[in-house]
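Scroll down for the structure; my scribbles are underneath it.
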Amino acid sequence: DPLDRSIDRAMATAGMIEDADPLFAPGEKIDCLGFFMVIALLDQSPLLDIFAKIYGKTLGPAFHGLRTTVMTLLMMTLLRIKRPEHLRLYNPTNLGRGLGLDRIMEVKTMRRKLHTLAEQNKGINLMEQLGKARVSNRPALGGDELNILYIDGHVQCYSGTFKIGQTWSATRNRVVKARTDTWLHLPGQTPLFY
(Lines give C-alpha, C1' and ligand atoms only; values in the text may rest on other atoms or scores of the structure.)
Protein backbone atom coordinates (compact mmCIF):
# COMPACT_ATOMS: atom_id res chain seq x y z
CA ASP A 1 0.00 0.00 0.00
CA PRO A 2 1.68 3.26 -1.13
CA LEU A 3 0.00 5.20 1.69
CA ASP A 4 0.94 2.79 4.49
CA ARG A 5 4.66 1.93 4.46
CA SER A 6 4.85 0.54 8.01
CA ILE A 7 6.13 -2.85 6.78
CA ASP A 8 8.91 -1.16 4.79
CA ARG A 9 9.84 0.93 7.83
CA ALA A 10 10.01 -2.22 9.99
CA MET A 11 12.21 -3.93 7.37
CA ALA A 12 14.51 -0.89 7.29
CA THR A 13 14.78 -0.95 11.07
CA ALA A 14 15.75 -4.62 10.88
CA GLY A 15 18.41 -3.75 8.25
CA MET A 16 16.70 -5.67 5.46
CA ILE A 17 16.44 -2.83 2.90
CA GLU A 18 18.89 -0.11 1.86
CA ASP A 19 16.25 2.32 0.61
CA ALA A 20 12.47 2.18 0.31
CA ASP A 21 11.24 1.62 -3.22
CA PRO A 22 9.05 4.43 -4.53
CA LEU A 23 5.37 3.50 -4.76
CA PHE A 24 3.00 6.08 -6.19
CA ALA A 25 -0.68 6.30 -5.29
CA PRO A 26 -3.37 8.20 -7.20
CA GLY A 27 -4.52 11.44 -5.57
CA GLU A 28 -6.05 14.85 -6.11
CA LYS A 29 -5.04 18.36 -5.11
CA ILE A 30 -1.54 17.45 -4.00
CA ASP A 31 0.74 20.47 -3.63
CA CYS A 32 4.21 20.77 -5.18
CA LEU A 33 3.80 17.96 -7.70
CA GLY A 34 5.44 19.92 -10.51
CA PHE A 35 8.58 18.21 -9.26
CA PHE A 36 7.05 14.89 -10.32
CA MET A 37 7.68 15.76 -13.99
CA VAL A 38 11.43 15.91 -13.33
CA ILE A 39 11.51 12.26 -12.28
CA ALA A 40 10.99 11.24 -15.92
CA LEU A 41 14.10 13.22 -16.92
CA LEU A 42 16.26 11.49 -14.30
CA ASP A 43 16.21 8.37 -16.44
CA GLN A 44 18.51 10.21 -18.88
CA SER A 45 20.73 11.64 -16.15
CA PRO A 46 23.62 9.82 -14.45
CA LEU A 47 23.00 11.76 -11.21
CA LEU A 48 21.79 8.86 -9.05
CA ASP A 49 24.39 6.45 -10.48
CA ILE A 50 27.24 8.85 -9.70
CA PHE A 51 25.99 9.43 -6.15
CA ALA A 52 25.74 5.64 -5.66
CA LYS A 53 29.24 5.12 -7.09
CA ILE A 54 30.84 7.75 -4.87
CA TYR A 55 28.93 7.35 -1.62
CA GLY A 56 27.93 3.68 -1.92
CA LYS A 57 26.43 2.38 1.30
CA THR A 58 27.50 5.33 3.43
CA LEU A 59 24.02 5.81 4.87
CA GLY A 60 23.56 2.11 5.57
CA PRO A 61 20.21 0.32 5.59
CA ALA A 62 17.38 2.81 6.09
CA PHE A 63 13.90 3.66 4.90
CA HIS A 64 15.29 6.97 3.60
CA GLY A 65 18.51 5.84 1.97
CA LEU A 66 20.91 7.52 -0.44
CA ARG A 67 18.52 7.62 -3.41
CA THR A 68 15.73 9.13 -1.32
CA THR A 69 18.12 11.68 0.20
CA VAL A 70 19.37 12.77 -3.24
CA MET A 71 15.82 12.95 -4.57
CA THR A 72 14.79 15.04 -1.56
CA LEU A 73 17.69 17.44 -2.19
CA LEU A 74 16.70 17.68 -5.86
CA MET A 75 13.09 18.31 -4.89
CA MET A 76 14.17 20.99 -2.41
CA THR A 77 16.24 22.67 -5.12
CA LEU A 78 13.44 22.68 -7.67
CA LEU A 79 10.85 23.89 -5.16
CA ARG A 80 13.33 26.52 -3.89
CA ILE A 81 13.36 25.16 -0.37
CA LYS A 82 16.67 26.56 0.83
CA ARG A 83 17.18 24.70 4.13
CA PRO A 84 16.04 21.44 5.65
CA GLU A 85 14.28 23.45 8.38
CA HIS A 86 11.98 24.92 5.73
CA LEU A 87 10.55 21.46 5.06
CA ARG A 88 8.41 22.07 8.14
CA LEU A 89 6.48 24.70 6.19
CA TYR A 90 5.16 22.09 3.75
CA ASN A 91 2.78 19.19 4.15
CA PRO A 92 5.09 16.16 4.70
CA THR A 93 2.56 13.77 3.18
CA ASN A 94 2.27 15.76 -0.05
CA LEU A 95 6.04 16.10 -0.46
CA GLY A 96 6.49 12.41 0.31
CA ARG A 97 3.93 11.40 -2.28
CA GLY A 98 5.94 13.27 -4.90
CA LEU A 99 8.88 10.99 -4.03
CA GLY A 100 6.76 7.82 -3.95
CA LEU A 101 6.81 7.58 -0.14
CA ASP A 102 4.10 7.99 2.47
CA ARG A 103 5.81 11.10 3.85
CA ILE A 104 9.07 13.01 3.51
CA MET A 105 11.82 12.51 6.07
CA GLU A 106 11.90 14.60 9.23
CA VAL A 107 14.19 17.62 9.41
CA LYS A 108 16.47 16.01 11.99
CA THR A 109 16.78 12.90 9.78
CA MET A 110 17.63 15.03 6.76
CA ARG A 111 20.24 16.98 8.73
CA ARG A 112 21.81 13.76 10.06
CA LYS A 113 22.04 12.27 6.56
CA LEU A 114 23.58 15.45 5.12
CA HIS A 115 26.09 15.50 7.98
CA THR A 116 27.01 11.84 7.29
CA LEU A 117 27.53 12.56 3.58
CA ALA A 118 29.54 15.72 4.30
CA GLU A 119 31.86 13.84 6.69
CA GLN A 120 33.04 11.72 3.75
CA ASN A 121 34.71 14.78 2.13
CA LYS A 122 33.82 13.53 -1.35
CA GLY A 123 32.08 16.67 -2.61
CA ILE A 124 34.90 17.62 -4.98
CA ASN A 125 34.98 14.09 -6.38
CA LEU A 126 31.20 14.24 -6.85
CA MET A 127 31.36 17.56 -8.74
CA GLU A 128 34.21 16.25 -10.89
CA GLN A 129 32.30 13.09 -11.83
CA LEU A 130 29.10 15.04 -12.55
CA GLY A 131 31.04 17.49 -14.73
CA LYS A 132 32.73 14.67 -16.66
CA ALA A 133 29.39 12.96 -17.21
CA ARG A 134 27.83 16.21 -18.40
CA VAL A 135 30.64 16.85 -20.91
CA SER A 136 30.76 13.25 -22.17
CA ASN A 137 26.98 13.21 -22.78
CA ARG A 138 27.14 16.22 -25.07
CA PRO A 139 26.95 15.57 -28.80
CA ALA A 140 30.29 15.83 -30.56
CA LEU A 141 31.24 19.43 -31.23
CA GLY A 142 33.39 20.51 -34.12
CA GLY A 143 36.93 21.74 -33.62
CA ASP A 144 38.06 22.94 -30.21
CA GLU A 145 34.58 23.85 -28.95
CA LEU A 146 34.75 21.18 -26.26
CA ASN A 147 37.73 22.99 -24.77
CA ILE A 148 35.76 26.22 -24.38
CA LEU A 149 34.09 27.02 -21.06
CA TYR A 150 32.26 30.24 -20.26
CA ILE A 151 32.89 31.50 -16.73
CA ASP A 152 30.44 33.82 -15.02
CA GLY A 153 30.87 35.25 -11.53
CA HIS A 154 28.17 36.65 -9.26
CA VAL A 155 29.09 38.73 -6.21
CA GLN A 156 26.96 38.31 -3.08
CA CYS A 157 27.56 41.01 -0.50
CA TYR A 158 27.82 39.98 3.15
CA SER A 159 26.97 42.08 6.18
CA GLY A 160 27.40 39.54 8.99
CA THR A 161 30.07 39.31 11.65
CA PHE A 162 32.17 36.41 10.31
CA LYS A 163 35.47 37.25 8.66
CA ILE A 164 35.31 36.61 4.94
CA GLY A 165 37.21 37.95 1.96
CA GLN A 166 36.55 41.16 0.13
CA THR A 167 35.79 41.65 -3.52
CA TRP A 168 34.70 44.39 -5.89
CA SER A 169 30.94 44.96 -6.07
CA ALA A 170 29.81 46.64 -9.27
CA THR A 171 26.39 47.44 -7.77
CA ARG A 172 27.94 49.29 -4.81
CA ASN A 173 30.90 50.55 -6.85
CA ARG A 174 33.43 49.70 -4.13
CA VAL A 175 35.22 46.83 -2.39
CA VAL A 176 32.95 45.09 0.13
CA LYS A 177 32.86 41.95 2.25
CA ALA A 178 31.41 39.43 -0.16
CA ARG A 179 31.70 36.05 -1.77
CA THR A 180 31.81 35.30 -5.47
CA ASP A 181 29.75 32.46 -6.91
CA THR A 182 31.34 31.09 -10.06
CA TRP A 183 29.32 29.39 -12.79
CA LEU A 184 30.84 27.38 -15.64
CA HIS A 185 28.91 27.00 -18.90
CA LEU A 186 29.48 24.95 -22.01
CA PRO A 187 29.08 26.51 -25.48
CA GLY A 188 25.45 27.34 -26.18
CA GLN A 189 24.94 28.57 -22.59
CA THR A 190 24.41 25.06 -21.25
CA PRO A 191 25.26 25.08 -17.52
CA LEU A 192 28.05 22.70 -16.55
CA PHE A 193 28.47 23.24 -12.82
CA TYR A 194 28.46 25.92 -10.09
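Looking only at the stretch 72-112, count every residue that is part of a helix (DSSP H, G or I) and closer than 18 Å to Gly27 by Cβ and tell me the total.
Selection size over the stretch 72-112: 9.
Can you name the residue in the stretch 53-67 that is without any contact (Cβ under 8 Å) to a residue 60 or more places away in the chain and open to solvent by 50 Å² or more (accessible area, probe 1.4 Å) and, of all such residues, is nearest to Met127 (Cα to Cα)?
The qualifying residue nearest to Met127 (Cα to Cα) is Arg67.
Taking the criterion of being aromatic (Phe, Trp, Tyr) and open to solvent by 100 Å² or more (accessible area, probe 1.4 Å), the residues of the stretch 149-192 that qualify are Tyr150, Phe162, Trp168. State all residues of the stretch 79-94 that are more than 15 Å from Phe63 (Cβ to Cβ) and in contact (Cβ under 8 Å) with a residue 12 or more places away in the chain; if no residue qualifies, say none. Result: Leu79, Pro84, Glu85, Leu87, Arg88, Tyr90, Asn91, Asn94. Taken together, the residues in the stretch 37-67 that are in a loop (DSSP other than H, G, I, E, B) and closer than 23 Å to Ala12 by Cβ amount to 10. If you check Leu141, Leu146, Leu184, Leu117 for being at pLDDT below 90 and assigned to a helix (DSSP H, G or I), only one passes: Leu146. Would you call Arg88 at positive phi and surrounded by fewer than 16 Cβ atoms within 10 Å (Cβ to Cβ)? Here the answer is no, as Arg88 does not meet what is asked.
Within the stretch 8-24, the set of residues being surrounded by 12 or more Cβ atoms within 10 Å (Cβ to Cβ), part of a loop (DSSP other than H, G, I, E, B) and hydrophobic (A, V, I, L, M, F, W, C) comprises Ile17, Ala20, Leu23, Phe24.
The values are calculated or read from the model by the stated rules, or taken from the named source; none is laboratory data. Computed from a predicted structure; not experimentally measured. Reconstructed Cβ throughout: ideal geometry from the backbone, glycine too, with neighbour counts over all protein chains shown. The accessibility values were calculated without ligands, DNA or RNA, using every heavy atom of the protein model including side chains. Shrake-Rupley method; radii C 1.70, N 1.55, O 1.52, S 1.80 Å.
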